[in-house]
Amino acid sequence: MLKNALIRLLANKSIDKITVYELCAEAQINRTTFYKYYGNPRQLLDDIIQDIALDFEQALLADLSERSGTHKALEYLAADRVKIRTVLESVEEQELLNKIFAIPALQKTLEAFLSKPLTEAEKEYTKLFFYQGGYAIIRRWLDKGCPETPVQMAAPLAYVER
């Protein structure tokens, strides 16, 4: 209830402007219940981000185990795009990128790219492309309302992954 209430409030206000009082009113719980689990709304947002990262990782692991590209991870993002877009707009981009790309499955994929013979400059550009490029593509796709299917979006990545 708290997480859903925070997502609804974030659609109209920044995290810094949301009070515990209004969050509890939106969730229809008392403040004692809120403070049992969280110290402030920012901690709740961090918990939501952690949930998203874990769910995204599970979808990626399913893709990797089936060698099906990344369409399941994209399906997860598309299915919950309103929540994910709200969270994307509520946190600093670099903070979110750091959390997302700390996901072990993504680290493993990046390490596979970096294990090839590359100069230090090429490794740096590869990391930048992997982090910023992947994020920018997904962000644009979500912002446009996911007009392409996850399978269509994953097709070019399957070529790159080989």
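Contact map, segment 76-104: first residue more than 16 Å from Asp47 (Cβ to Cβ), second residue among the polar types (S, T, N, Q) and in a helix (DSSP H, G or I), Cβ cut-off under 9 Å, separation 6 or more or different chains; pairs are Tyr76/Gln58; Leu97/Gln132; Phe101/Gln107. Consider Gln50 carefully, then state whether it is under 30 Å from Asn12 (Cα atoms), in contact (Cβ under 8 Å) with a residue 40 or more places away in the chain and part of a helix (DSSP H, G or I). Yes: the conditions hold for Gln50. In the set Lys99, Lys108, only one residue is more than 17 Å from Ile52 (Cα to Cα), surrounded by fewer than 16 Cβ atoms within 10 Å (Cβ to Cβ) and modelled with pLDDT under 85; that residue is Lys108.
From the list Glu26, Glu75, Glu22, exactly one residue is farther than 24 Å from Lys144 by Cβ and surrounded by 15 or more Cβ atoms within 10 Å (Cβ to Cβ). Which is it? Even if it seems obvious, please write down each step before you answer.
Working: Glu75 fails: farther than 24 Å from Lys144 by Cβ; Glu22 fails: surrounded by 15 or more Cβ atoms within 10 Å (Cβ to Cβ).
On inspection, the qualifying residue turns out to be Glu26.
Evaluation of Asp46 against the conditions (1) under 12 Å from the mean Cα position of the chain (by Cα); (2) under 25 Å from Val151 (Cα atoms); (3) charged (D, E, K, R) shows that the sole unmet condition is (2). Screening segment 93-138 for residues that are part of a loop (DSSP other than H, G, I, E, B) and either under 12 Å from the mean Cα position of the chain (by Cα) or acidic (Asp, Glu) (or both) and picking the one that is farthest from Arg81 (Cα to Cα) gives Ala102.
The values are calculated or read from the model by the stated rules, or taken from the named source; none is laboratory data. Note that this is a predicted model, so its numbers are computed, not measured. A quick note on method: Cβ atoms are made from the backbone with ideal geometry, for glycine too, and the neighbour counts reach across all protein chains shown.
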